[in-house]
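These notes concern the structure reproduced below.
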Amino acid sequence: MHTIINSLPTNSRSKVRTSASVAEAFRQPAYDCQEHEDAMKLVVYVPGVDASGVEIEGRGADLMVTAKKARFVRVNFGSLHLEHAQRDYRLKLRLGTGFDFAAMQAEIANGVLTVTLPKRERDPHSHSASRLRRAA
């Protein structure tokens, strides 16, 4: 006769599992940054994502792109273990405060998301410029 003993999870184990499961829910997509004179162009590769699944948020010096795939219910989903292949994408970048997030433009076509971030115009009377004048 076989005996199966299931242990009850402790609170510390369940907290670790939930934070790890949130981190595993997303994967980082491949991306490319190109800096131009007046803007930065960010190209993010998110296959299987359409425009309705893309969220772009600029906060402070950070840019976060979240791209969620459309979910299709398959009959043999459990036997194929597709949950790892169908994870959503999340990209976090620290770009600095030199970009105008309110004026950014984005477009997506065939799984390639292109984000254009215009640079802010520098104020000649800024604090850093005055520090440089004093030092010279």
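Observations, loosely collected:
- Some residue of region 63-83 being modelled with pLDDT under 60, loosely packed, with under 13 Cβ neighbours inside 10 Å and of a type in the set (Asp, Glu): yes
- Residue within region 94-106 that is hydroxyl-bearing (Ser, Thr, Tyr) and modelled with pLDDT of 80 or more present: yes
- Cβ-Cβ distances below 6 Å connect the following pairs, each with a first residue in region 83-105 that is over 11 Å from Met64 (Cα atoms) and acidic (Asp, Glu), a second residue that is modelled with pLDDT under 90 and in a strand (DSSP E or B), and a separation of six or more residues or different chains: Asp88/Phe26.
- Residues that are polar (S, T, N, Q), outside any loop (DSSP other than H, G, I, E, B) and modelled with pLDDT under 90 within region 107-136 comprise Ser128, Ser130, listed in sequence order.
The values are calculated or read from the model by the stated rules, or taken from the named source; none is laboratory data. Just so you know, these numbers come straight off a predicted model, no measurement behind them. A quick note on method: Cβ atoms are made from the backbone with ideal geometry, for glycine too, and the neighbour counts reach across all protein chains shown.
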